1. Give region 381-422 a look and list any residue that's under 21 Å from N558 (Cβ atoms) and of a type in the set (S, T, Y), or say none.
2. Considering A420, A428, A413, which residue is aliphatic (A, V, I, L, M), assigned to a loop (DSSP other than H, G, I, E, B) and within 18 Å of V519 (Cα to Cα)?
3. Within region 454-476, can you find the residues that are open to solvent by 80 Å² or more (accessible area, probe 1.4 Å) and within 24 Å of G823 (Cα to Cα)?
4. Considering only residues that are part of a helix (DSSP H, G or I) and either of a type in the set (K, R) or open to solvent by 30 Å² or more (accessible area, probe 1.4 Å) (or both), which ones fall in region 335-349?
5. How many of the residues making up region 294-319 are of a type in the set (S, T, N, Q) and in contact (Cβ under 8 Å) with a residue 24 or more places away in the chain?
6. Name the residues in region 731-777 that are in a loop (DSSP other than H, G, I, E, B), in contact (Cβ under 8 Å) with a residue 60 or more places away in the chain and either among the acidic types (D, E) or more than 23 Å from Y572 (Cβ to Cβ) (or both), would you?
7. From the list E73, E45, E60, which one is at pLDDT 60 or above, under 28 Å from S742 (Cβ atoms) and not hydrophobic (A, V, I, L, M, F, W, C)?
Amino acid sequence: MNTGGRLIAGSHNRNEFVLINADENSRIKSVQELSGQTCQICGDEIEITVDGEPFVACNECAFPVCRPCYEYERREGNQACPQCKTRYKRIKGSPRVEGDEEEDDIDDLDNEFDYGNADALGPQQAAEAMVSSRLNTGRSSHSNVSGMPTQSEVDSSPLGSQIPLLTYGEEDADISSDRHALIVPPFMGHGSRVHPVPFTEPSIPSQPRPMVPKKDIAVYGYGSVAWKDRMEDWKKRQNEKLQVVKHEGGNDGGNFDGDEMDDPDLPMMDEGRQPLSRKLPIPSSKISPYRLIILLRLVILSFFFHYRLLHPVEDAYGLWLTSVICEIWFAASWILDQFPKWYPIERETYLDRLSLRYEKEGKPSELAPVDIFVSTVDPMKEPPLITANTVLSILAVDYPVDKVACYVSDDGAAMLTFEALSETSEFARKWVPFCKKFNIEPRAPEWYFSQKMDYLKNKVHPAFVRERREIKREYEEFKVRINGLVATAQKVPEEGWTMQDGTPWPGNNVRDHPGMIQVFLGNSGVRDIEGNELPRLVYVSREKRPGFEHHKKAGAMNSLIRVSAVLSNAPYLLNVDCDHYINNSKALREAMCFMMDPTSGKKVCYVQFPQRFDGIDRHDRYSNRNVVFFDINMKGLDGIQGPIYVGTGCVFRRQALYGYDAPVKKKPPRKTCNCWPKWCCLCCGSRKNKKTKPRAEKKKKHREASKQIHALENIEEGIEGSSTGKSSETSQMKLEKKFGQSPVFVASTLLENGGVPHNASPASLLREAIQVISCGYEDKTEWGKEVGWIYGSVTEDILTGFKMHCHGWRSVYCIPKRPAFKGSAPINLSDRLHQVLRWALGSVEIFLSRHCPIWYGYGGGLKWLERFSYINSVVYPWTSIPLIVYCALPAICLLTGKFIVPEISNYASIIFMALFISIAATGVLEMQWGGVGIDDWWRNEQFWVIGGVSSHLFALVQGLLKVLAGVSTNFTVTSKAADDGDFSELYLFKWTSLLIPPMTLLIINVIGVVVGISDAINNGYDSWGPLFGRLFFAFWVIIHLYPFLKGLLGKQDRMPTIIVVWSILLASILTLLWVRVNPFVSRDGPVLEVCGLNCD
């Protein structure tokens, strides 16, 4: 798409659409420059012919008229040019009309009498016709006046084309794919819901027919001599082809061409036809003891609560009751967290099979296109250099360049981001060929050059060292230019930013600016330094106006969905945060092993990769890596219905984001036994059917609600020709109500395999792109409700994945040997707590919304254990209340001398010991099958307590205020120290109110320990026995809060002022309590004795 390297800005609501030329001074040009002249009749652009020239209707005066108006004038008008009145001659590709003279120089018999048949079109042709009619691009010599494909074009399609299945995505397990009963329409459609039908002779298609069970099987030839001969011939062919695969297919010099590889009779032993991935269940030696321990722990919990409820503490009834309530909540939370990990699995991909299947030698790659989304908001908080590295890693990915498009969403409309992206596109012309020539990893230059490893390992190219030195110098100069842009952007001019041509930057007002689109790379003549094509790179900033709700990141992602559908419309999408670069250049291929697998890929809505991070210290003090979640919990979910969506590093199926249901596979019919009379089976069967019929009908209605326009009913209506126009108009209205008022985008939603018309003019596509990112486009549609990223929570990722699973889709968890993506994490305490606060706030918002998994999504495709996981993901912030209470109980017990448990008997001791052992055994076995180290597991346990008593509590309060009272509360972070040295941010202390609750708990427990020990020393030997239980309880809290204490202390060689203040406060409180307790004074008061001295 060639825009001349210029920025497109506009507002659909204000009817503004301009092209800002950055090369000529102060000049704003109309978008008509992109397509040439406009039609003087309808005002649309005049399309470009296959020869690259504008369409000319009249050879006498060249009066500008578009092809649709030319065709209409010849068919319905006076057949003459409006300006010179000369009669129009027939142009090649146009149907003949009455009065046309014979023209010897035009040989176009296929189109002379072809006026098109819109009613007989399949869904793919219908969608393309909608796009073409909207864009007014025509189809050159392959289209008629209606913009629809001609019947001759459809008929001339190769017979290898496909026939729509009558069942909408539903497969019958008992009938093979080549024996489906089909109604063959009068054309061979190219729709997305298709199924290949093998024919023995391409020139003579055989009509498929259904088998009638009542007929004798001999009617079909089975069991006859001829049938046996055919079977022998088939076996012989199989053996011959297998030998070819073994001896010739594996050699580079073999003559095994692609047509033979496409033969449906080729045996499954062929490597290219094997599954592209497989499940690797956890070995039974690891998973069986794990499940046994879980069941034993349930039994022990039942005995534990039996004892706790039947043995109250009379003199501390309030403490006992409070502790029991907290323990019941903890047990319920443990069940919600534990049982979704009952079926953990791992997966393995076969990239070589993917290449064999979809990248055949000598043929264009058949890998599916992928649109990649990168989102950023504030370049001051998200450095442009980090975003640039992410974009560079995407552009250099190991994937066909014509099938990759990168869209960068700048939700802050910052000119700094725009200029940095312009510099990035220029540096990419040198960086991308270097990466692919020497196959380096990772392909983000900042992290590649900072690796502490032997970069010459496995490198044999003699020019590598020289070219690496050159590209490193180029990158350092690139960094200097980016840093210069950042320094310039620190001070904003009073009149706002201006572009190089003097034009004011359209995004000077962040809250009130038009939509902006700039195509930097791809289809615009810009190639790398070696002359190779580069992937498409598009800058997008959606329109923002006062008074509109923009929905933050979720709204920006939905805008990218629509823009990409208009410009490239890839069937798969990858979204990454601006600080998550592609660490494994084959990451897209890893995902395609699941998405494009013909056996299991149809029901996969997304492939989630784990998050891995750079720049975290070895000890990972605040559990930033989150290894327990990504390597244990997510593996467990993958064995049920798939992992939850975590917001980045995820490859989506576009159709799943559009809110469609997953394709349903029909279950085989139940068989009755022969040992009972038929009437008995009929009675039982009818009774059962009566019970299940309403539920089945309800489920069917739910499925029908989200079926696409090319379902069975519409196909049959198109074939029969009854009410086609009315049905089509009704379906179009429903789609516009769901997806919005852009016919081009609506048409793209019907193309399951993606793609846009190749002959569409850039001007028309860009006009539609500006429309779909306008601020009012989503009004009165289902965007954010059923389509795209779901609104209603700051953690839109959980809601979006939850809705897909409710539609019956499943997700996949992919853990390649080399991490697919890496990012940066906040490693100091305050930033980490604020990150957890945002996640917990989103969970509270979901809990208080109609999408709460406790009551939403029943009757769909969500499995029960998957629902348990989603319930746990929105309920966990509420655990902060019992957790804070439970962490305060040890101090209260030590200060009051009471305890939550009565005097422990031998039976109670056995129960408590068994409970602690089962908890430890569960953790050990999880670490064993999940591959998690003891350090990571223990850090996760510690930060669960730290985050639970701080971030989760504040998120709960803030969420209740926001949802119930409409009050928004923000917690600010203020830096209190400078950073220097390695992992300097680890020691950076920032004061925030989130630190108050854990600090309070830590202080009162330390005071309680001191008071308890002092009291025991004062009261003698007998008081030490009951004290041990209370001390153990208090030390459990202090040990879990130990990383928090280290975070407060900062670096060992300096003491922050805030610590001095808290130390003084702690000493004061301890002194007052010491005076109050006074362990050196007897409980009955001081003993007064006569000393024997006469003081008088």
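1. T387, T390, Y407, S409, T417
2. A413 is the lone residue from the list that is aliphatic (A, V, I, L, M), assigned to a loop (DSSP other than H, G, I, E, B) and within 18 Å of V519 (Cα to Cα).
3. Residues satisfying the conditions are D454, Y455, E476.
4. I335, L336, D337, F339, K341
5. So the count comes out to 0.
6. Within region 731-777, E752, N759, S761, S774, C775, G776, Y777 meet the criteria.
7. Just a single option satisfies the conditions, and that option is E45.
Matching residues to (1) open to solvent by 70 Å² or more (accessible area, probe 1.4 Å); (2) modelled with pLDDT of 90 or more; (3) more than 30 Å from V901 (Cα to Cα):
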residue: D259; (1), (2), (3): yes, no, yes
residue: M268; (1), (2), (3): yes, no, yes
residue: H306; (1), (2), (3): yes, yes, no
residue: H311; (1), (2), (3): yes, no, no
residue: I325; (1), (2), (3): yes, yes, no
residue: I328; (1), (2), (3): yes, yes, no
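The values are calculated or read from the model by the stated rules, or taken from the named source; none is laboratory data. Owing to the predicted nature of the structure, the values given are computational and were not obtained by experimental measurement. Ideal geometry is used to build each Cβ from the backbone, glycine not excepted, and the neighbour counts take in all protein chains shown. SASA here: full protein model, heavy atoms, side chains in, ligands and nucleic acids out. Shrake-Rupley method; radii C 1.70, N 1.55, O 1.52, S 1.80 Å.
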